[in-house]
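Undergrad: Pasting a structure below so you can have a look.
Bear in mind that the values in this text are calculations on the coordinates, not laboratory data. Predicted model only: the values in this text are computed from it and were never measured. Neighbour counts run over all protein chains shown; Cβ positions are idealised from the backbone, glycine included.
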Amino acid sequence: MTRLSIALVATVAAVISFARPAAADPPQPQTIALNRCNAQTVNDAGAHLHEYERRAARDGSAGLLQRYGALADIVSALSEEHEILDSICTDQAQRNALFAQVGAYSAWALALESDVAAKLNASCPAATKALPTMMLADAWLALANVVNDQGGAVPRPVSEVAPKIRTRADAISMALPEWPNTSNYWRDQVTANAKAAIAACPSPAPSPATSP
């Protein structure tokens with residue numbers, strides 16, 4: 001699904017000085033993988049989401065676009081992190097815990113993204129509802145994937161984020177299916193209907209990021 005593309009230009013200068021340690025055996029690949037199998041990147045994303053929920057986007061299209069782009073970047077980063085963790089984490093309990101966080105934070109980011117999308121497209125009532133619908137469908141699917149992959153268990157991160165999705169869905173009269181009935185097919189049907197509604201808008205509108 002095409003996402004809103006925002007170009008960000010930054011110049012960073014860094015000077016790193018370090019002393020070379022005494023010769024030692026290089027770390028083995030397995031050790032590197034185990035050290036990388038952690039929640040640091042996921043927790044960083046969660047910290048940003050807490051801040052974005054606490055602090056509203058600046059008024060005006062520039063501030064809203066900046067917030068939209070930042071949230072889209074979080075969704076993308078979490079999707080990449082899911083792939084990395086999937087390839088290096090071998091302990092199933094640890095994998096389940098990490099994937100629950102990734103899914104929950106992805107859903108949360110999409111929910112916050114839906115708030116911004118509605119404001120960016122206030123001039124077109126169809127998009128004001130359709131775009132959040134698409135993003136919330138992605139968000140609900142991200143949560144359902146965690147629950148369904150873990151045999152119906154609802155991990156704490158999912159139970160904490162689910163109300164954020166339900167509240168927004170209720171506000172636009174969007175029905176959310178039970179976890180077992182939430183699938184790619186359901187999401188795709190919601191998306192197709194929303195796109196048909198958006199087609200009536202006079203100008204293009206930003207599309208949601210895709211959840212992992």
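Undergrad: What is the dipole size for the range 67-212, taken about its Cα centre, with +1 at each Lys and Arg Cβ and -1 at each Asp and Glu Cβ, in debye to the nearest 20?
TA: 560 debye
Undergrad: Order by neighbour count: Ser159, Ser76, fewest other Cβ atoms within 10 Å first, most last. Can you show the working numbers first?
TA: Numbers: Ser159 13, Ser76 16.
With the sparsest Cβ surroundings first, the list reads Ser159, Ser76.
Undergrad: Can you sort Met135, Met174 by how many other beta carbons sit within 10 Å, fewest first?
TA: Met174, Met135
Undergrad: Separate question: Quick one: order Asp115, Asp188 by neighbouring beta-carbon count within 10 Å, fewest to most.
TA: Asp188, Asp115
Undergrad: Something else: Residue separation times 0.36 nm, minus the C-alpha to C-alpha distance between Asp149 and Asp44: what's the value?
TA: The span from Asp149 to Asp44 would gain 35.4 nm if fully extended.
Undergrad: Between the range 61-82 and the range 143-201, what is the C-alpha centre distance in whole Å?
TA: 19 Å
Undergrad: Okay, moving on. What full-extension length gain, to one decimal in nm, is calculated for Gln92 and Arg58 as 0.36 nm per residue of separation minus the Cα-Cα distance?
TA: This chain segment gains 8.1 nm when fully extended.
Undergrad: I'd like the FRET efficiency for Lys119 and Ser159, computed as 1/(1 + (r/R0)^6) with the beta carbon distance as r and R0 of 30 Å, rounded to 0.05.
TA: 0.60
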